[in-house]
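Written out below as structure tokens is the structure these notes cover.
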């Protein structure tokens, strides 16, 4: 290491600037109080100044954001430049700045030295300074280039695709089955984590580019899929995985038992569900956490999360994101019960009254994952006024119709197979998001859309007509980091 770098490191404060939390007693009954507080200018600049600019973080970012670049602009007090850099690949800085799984932080070189750079939070810090991104982005003047693209699904993948195509003069029409755009961002993430005004700001910025939007319009019912394929030059499918996967536990027909996707979706659209005093959530992932914390905000006095495996086996672990969400849940008095298997829902007068369950023994089978084996000799019971199953979802492709459904190839796990340009096995049909990738997170959905947007422009053979290649998403910013390449350099 040379002397200049030695000097910089000697002057650098390695300790992460702590992100303050709103007190649990203040937030536990509110859908408007965000658990994490905003950095002040002093805190934001101080935290960004810790970064040494190695950009290893970019190698773990699905969307290939120039993280080192926008952290540096934040460090010198230029949040507008931060937003410009983020928009190279991502049109949701305030949304992703709140709910990204932030794999970038897990790979940060400071992980063992003061804590990783607060990359996600710094993105939020910069984004929240601007009500209208159009005032700081030098957007090209939109000129129609004679091509039309239909987008099915108004979630992160569909909106990102619409954004990058609309900039380049493609006429985009977006079809969304639900009353509002946002997909999982709207229906699956509670408003205390992702405020409605943040959704409105960033979704509105995209639709104001001239994207034609049809909400409450279900493809396959209100609009035929075959008509879209005939009337548009290409179609993008970002349908998510909204079809609930219930466990089928005996007693599931009792009242006050529902899947987390239905529960969170109904609350997201303003319904105040009577959850009673005690709620039992089945599952151990992020959706289970959200369901439990929403239940608290709806008035539950006790909320239990039951998961059949160990704490270290829960979805998303190990990651700082999983740790942070669990920490917030525990602060709000959610109680976790690990290594248990619910086997019956008990009802009284047609309404759920409790859950029978067994404790599990974790048994290793070869070199694979430990398997939970119920110890059935002892039956345990927990009372419940409501049961929420956060047990996974899947995609529903029935809207395609039989002819197209036969042409669409899926993986054994049910994900759409696409080529390197994001196109499915149906010519002219592109896909991305939760129905397509195994990560099933927002930032990967954005990457899918980045790939598809460029793929669609190439498929339409209009790359020579685009307004400005500066506004094409940078699908792979740099070659992936490898120790051997670093040694050779």
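Gap in Å between the Cα centre of the range 435-463 and the Cα centre of the range 399-433? Spelled out, the Cα-based centre of one part sits 13 Å from the other. Here the relative contact order of the chain, from alpha carbon pairs under 8 Å that lie six or more residues apart, stands at 17 percent. In the range 246-392, Cα pairs under 8 Å separated by at least six residues give a relative contact order of 33 percent. Classify the range 424-466: rounded, prolate or oblate, from the alpha-carbon gyration tensor (a ≥ b ≥ c, eigenvalue square roots; a/c under 1.5 rounded; otherwise prolate if a/b is larger than b/c)? Since a/c reaches 1.5 but b/c is at least a/b, the shape of the range 424-466 is classed as oblate.
Taking a ≥ b ≥ c as the square roots of the eigenvalues of the Cα gyration tensor, the range 271-353 is classed as oblate, since a/c reaches at least 1.5 and a/b does not exceed b/c. Residues within the reach of a label modelled at residue 60 (point 7 angstrom out along Cα to beta-carbon, backbone nitrogen below 15 Å), restricted to the range 81-111, are 100-111. Extension gain for residue 243-residue 37 works out to 70.8 nm (0.36 nm per residue, less the C-alpha to C-alpha distance).
Here are a few candidate values for Rg/Rh (Cα atoms, Kirkwood Rh): (i) 1.01; (ii) 0.94; (iii) 0.98. Which one was actually calculated from the structure I just gave you? Of the listed options (i) 1.01; (ii) 0.94; (iii) 0.98, (iii) comes from this structure.
Under the rule of -39500 (n - 2.57) per DSSP H run of 4 or more residues, summed and divided by the residues of the chain, what mean residue ellipticity at 222 nm is obtained, to the nearest 500 deg cm²/dmol? Provide the component values of the computation, followed by the final result.
On the way: 18 runs with 156 residues, N = 489.
Rounded to the nearest 500, it is -9000 deg cm²/dmol.
For a Förster distance of 41 Å, can you work out the FRET efficiency between the beta-carbons of residue 420 and residue 80, rounded to the nearest 0.05? For residue 420 and residue 80, the calculated efficiency is 0.75. Average 1/r across all pairs of distinct alpha carbons in the range 246-392, invert it, and you get the Kirkwood radius: 15.6 Å. Between residue 363 and residue 197, what is the FRET efficiency for a Förster distance of 45 Å, r being their Cβ-Cβ separation, to the nearest 0.05? For residue 363 and residue 197, the calculated efficiency is 0.35. Here the label points at residue 18 and residue 343, each 7 Å from Cα along the C-beta direction, are separated by 4.7 nm in the simple model.
Taking a ≥ b ≥ c as the square roots of the eigenvalues of the alpha carbon gyration tensor, the range 360-444 is prolate, as a/c is not under 1.5 and a/b beats b/c.
Centroid-to-centroid, using Cα positions, the range 108-152 and the range 221-275 are 28 Å apart. Length available on full extension from residue 407 to residue 218: 0.36 nm per residue minus the Cα-Cα distance, which gives 65.9 nm. Given q = 0.09, 0.13, 0.16, 0.20 Å⁻¹, what are the Debye log10 I(q)/I(0) values for the range 348-489, with equal point scatterers placed on the Cα positions and solvent ignored? Listed by q, the Debye log ratios stand at -0.57, -0.88, -1.02, -1.20.
Taking label points 7 Å from Cα along the Cα-to-Cβ direction, residue 377 and residue 143 give a separation of 8.1 nm.
For the range 117-240, report the translational diffusion coefficient in µm²/s to the nearest whole number, using Stokes-Einstein at 20 °C, 1.002 mPa s, and a Kirkwood Rh over Cα pairs. Mind showing how you got there, number by number?
Working: Rh = 15.5 Å.
Taking Rh from Cα pairs, D becomes 138 µm²/s.
Output the peptides 268-275, 456-463 sorted from most to least packed, where packing is the average of other Cβ atoms within 10 Å over each peptide's residues. Provide the component values of the computation, followed by the final result.
Working: 268-275: 13.9, 456-463: 17.5.
By packing density, highest mean first, the sequence is 456-463, 268-275.
Here the extension length gained between residue 274 and residue 310 equals 9.9 nm, from 0.36 nm per residue of separation less the Cα-Cα distance. Per residue, the convex hull spanned by the alpha carbons of the range 6-136 comes to 114 Å³. With an 8 Å cut-off on Cα pairs and a minimum separation of 6 or more residues, tell me the relative contact order of the range 322-445 in percent. RCO, the range 322-445: 13 percent.
The numbers here are math on the coordinates, done by the rules we state, and not lab data. Quick caveat: nothing in here was measured; it's all calculated off a predicted structure. With ideal geometry, Cβ positions are generated from the backbone for all residues, glycine too; neighbour counts draw on all protein chains shown.
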